[in-house]
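Each remark here refers to the structure printed beneath this line.
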Amino acid sequence: MCIVTGPNIDIATKLIKRLKGIFDTKLGLTFNDKETHLQLNGSSIEAYPSYIQKAIGIDPGFGSSPFGIVIVQFSDGVIEVLYSDEFERP
């Protein structure tokens, strides 16, 4: 998952529109996602206004341990987990 932010929702959605345009013109792909969302090759890209506080945490996983990623947001006095996963090293 990837999160795209802008100072307001209009700019954030314009970034998603530009991404869709790149893949549409270069690869001929069409997207039926909503204007704040792009699903591409199994990955989800979403746009949010930056007035919502968000944070990303990365655990590099030393040695043979998997590494982890967590994305949270603080909204209406609640911390919400938007994404959390761990990945094995190749």
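Quick note: the coordinates plus some simple rules give every number you see, no bench work behind them. Keep in mind that this is a model prediction, so the values were computed, not measured. As a convention, Cβ positions derive from the backbone with ideal geometry for all residues, glycine included, and neighbour counts pool all protein chains shown.
Can you check what the net charge comes to around residue 64, using other residues whose Cβ is under 15 Å from the Cβ of residue 64 (Lys, Arg +1; Asp, Glu -1)?
-2
Give the order of 15, 27 when sorted by the count of other beta carbons within 10 angstrom, beginning with the fewest.
Neighbour counts put them in this order, fewest first: 27, 15.
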